[in-house]
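A short worksheet on the structure shown next.
All of the numbers you see were taken from the coordinates with simple rules; none came from a lab. None of these values were measured; they are calculated from a predicted model. When we count neighbours, we look across all protein chains shown, and the Cβ atoms used for this are built from the backbone with ideal geometry, even at glycine.
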Amino acid sequence: MPLNRALVGRSYDPGPPFDVSRQKIREFAAAIGDEAPVYADLELARALGHRDIPAPPTFGSVVSLQMGQGPRRDPRLGLDYSRVVHGEQRIEGSRPIYAGDTLVGEVTIASIRNAGGNELLEILCALATEAGEPVCRVTSVLVSRGTAPGSDRG
Amino acid sequence: MAEGRRSAAAVGIGDRIGPRGFELDRARLVRYAGAALDFNSIHWSDQAAERAGLPEVIAHGMLTMALAGRLVTDWAGDPGAVEDFSTRFSGMVPVGVEGPAMVVVEGTVTELLDGGRVVVELTVEAGRSAVLKAARAVVNLAPSSPGI
């Protein structure tokens, strides 16, 4: 079944704010094997001009995955996760994510388009602090294999 | 890293970064799943991977992207230097039980923008085929002011 394109432009509840701790950043950096000392050394981070420990550039995607469950699980959209692969990702930062940030998100289905027999579902998650300071925009494109309208498998 | 952010003045179009190889084994995938809160079972269960039509467990695309990011942030001297980071996922990285997979990342400076910002384009391969395509980072090499 093709995805329900009437949901393009719809916003979703992002769930609770995401509290970014120094411990979580260290844990994530260690998980990607990144031993740069800045993830554990507040003085070094400040010497580099940061207000606190910065997160690796892809950390915004961790937050967006948590906040972006609404569209992924919306039965009206009709996304079959067994057909889904990750197609594209973009993280555009107004500034790095820092330890101490409490992040809130605006989650939207930005577009659904055809690519051969597949459909590309674009989910946008705009992250800001609770005080309203923009932090980053995370764009995730999921490939829904074989569901394009008119496709044999659709 | 302790030297601080790389100076844009010493960077030119065509500068190469790497190549650098990163090993990915099953333990790494499990650790990434936990830290990234991404528990899709195709990244840790052979049975789940098989049901999804995959030859074996594959690495998270975001883990592969993070390795490409490490090349850039180590080169820039500051993880906060990356302003815009994007890619398409064009291939899978199978990670078997018998040994680690090798992901090879190489970067090239392709544009000099205003304000000390540069564009780095990245090639990311596993088993000699591209697993990321159009991987691109905009890196701000100007020193940031304290207390932003």
Got a sec to turn the phi values of the range A:68-73 into Karplus ³J(HN,Hα) couplings, 6.51 cos²θ - 1.76 cosθ + 1.60 with θ = phi - 60°, whole Hz, x for Gly and Pro?
x, 6, x, x, 4, 9
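Given Cα pairs under 8 Å that are at least 6 residues apart, what percent is the relative contact order of chain A? List each step's numbers first, then the result.
On the way: 327 pairs, mean separation 45.6, N = 154.
The value is 30 percent.
Please report the net charge: other residues with Cβ closer than 15 Å to the Cβ of A:Glu106, K and R +1, D and E -1. Please report the intermediate quantities before stating the final value.
On the way: positive: A:Arg10, A:Arg137; negative: A:Asp13, A:Glu92, A:Glu122, A:Glu130, A:Glu133.
Local net charge: -3.
In µm²/s, what is D for chain B at 20 °C and 1.002 mPa s, where D = kT/(6 pi eta Rh) by Stokes-Einstein and Rh is the Kirkwood radius from Cα pairs?
Values: Rh = 16.3 Å.
Estimated diffusion coefficient is 131 µm²/s.
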Which GluC sites (Glu not before Pro) does the range B:78-114 hold that lie in a coil by DSSP with at most 10 other beta carbons within 10 Å?
B:Glu98
Among residues other than A:Ala6 whose Cβ falls under 12 Å from its Cβ, what is the net charge (Lys/Arg +1, Asp/Glu -1)?
+2
Cα pair distances in the range A:19-139, grouped into 5 Å bins until the bin that holds the longest one, percent each:
2, 10, 19, 20, 17, 12, 9, 6, 3, 1, 0
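If Lys and Arg each add +1 and Asp and Glu each add -1, what is the summed charge of the other residues whose beta carbon sits under 11 Å from the beta carbon of A:Ala47? Walk me through the numbers on the way to the answer.
On the way: positive: A:Arg46, B:Arg5; negative: A:Asp41, A:Glu43, B:Glu3, B:Asp78.
With Lys, Arg at +1 and Asp, Glu at -1, the neighbours total -2.
How about the range A:111-149: which GluC sites (Glu not before Pro) there are in a DSSP loop, with at most 15 other Cβ atoms within 10 Å of their Cβ? Don't skip to the end; give the middle numbers.
Working: sites: A:Glu119, A:Glu122, A:Glu130; in loops: A:Glu130.
Within the range A:111-149, the qualifying GluC sites (Glu not before Pro) (loop, at most 15 other Cβ atoms within 10 Å) are A:Glu130.
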Order by protection proxy (mean Cβ within 10 Å, highest first), peptides A:104-110, B:48-54:
A:104-110, B:48-54
Hey, fewest Cβ within 10 Å first, where do B:Glu125, A:Glu35, B:Glu3 land in order?
B:Glu3, A:Glu35, B:Glu125
Which value at 222 nm does chain B reach when only helices count, each DSSP H run of 4 or more adding -39,500 (n - 2.57), with the total divided by all residues and rounded to the nearest 500 deg cm²/dmol?
-6500 deg cm²/dmol
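Once the Cα gyration tensor of the range A:89-151 is found, what semi-axes does its equivalent ellipsoid get, as square roots of 5 times the eigenvalues, in whole Å, sorted largest first? Don't skip to the end; give the middle numbers.
Details: eigenvalues 197, 19, 11 Å².
Working through the eigenvalues yields semi-axes of 31, 10, 7 Å.
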Could you compute Rg(Cα) / (2.2 N^0.38 Å) for the protein assembly as shown, with N its residue count?
0.98
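Could you work out the helix-only [θ] at 222 nm for chain A, with each DSSP H run of four or more residues adding -39,500 (n - 2.57) and the total divided by the number of residues, to the nearest 500 deg cm²/dmol?
Computed mean residue ellipticity for chain A: -5000 deg cm²/dmol.
What is chain B's relative contact order, in percent, from Cα pairs under 8 angstrom and six or more apart in sequence? Can you show the working numbers first?
Numbers: 290 pairs, mean separation 45.2, N = 148.
It comes to 31 percent, rounded to a whole number.
Given an 8 Å cut-off on Cα distances and at least 6 residues of separation, report the relative contact order of the range B:41-107 as a percent. Kindly include the intermediate steps, with their values, before the conclusion.
Working: 55 pairs, mean separation 21.4, N = 67.
Rounded, it is 32 percent for the range B:41-107.
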Taking chain B as a Gaussian network, Cα atoms linked when under 10 Å apart, which of B:Leu29, B:Leu112, B:Leu37 shows the biggest mean-square fluctuation?
B:Leu37
Identify which of B:Pro94, B:Pro55, B:Pro79 has the largest mean-square fluctuation in a Gaussian network model of chain B, with springs joining Cα atoms closer than 10 Å.
B:Pro55
Out of A:Ile32, A:Ile91, A:Ile112, a Gaussian network model of chain A with alpha-carbon springs under 10 Å gives the largest mean-square fluctuation to A:Ile32
Determine the distance separating the Cα centre of the range A:104-154 from the Cα centre of the range B:1-79; give it in Å without decimals.
22 Å
Neighbour-limited loop hits for trypsin sites (Lys or Arg not before Pro), the range B:84-148 (at most 14 other Cβ within 10 Å; DSSP other than H, G, I, E, B):
B:Arg128
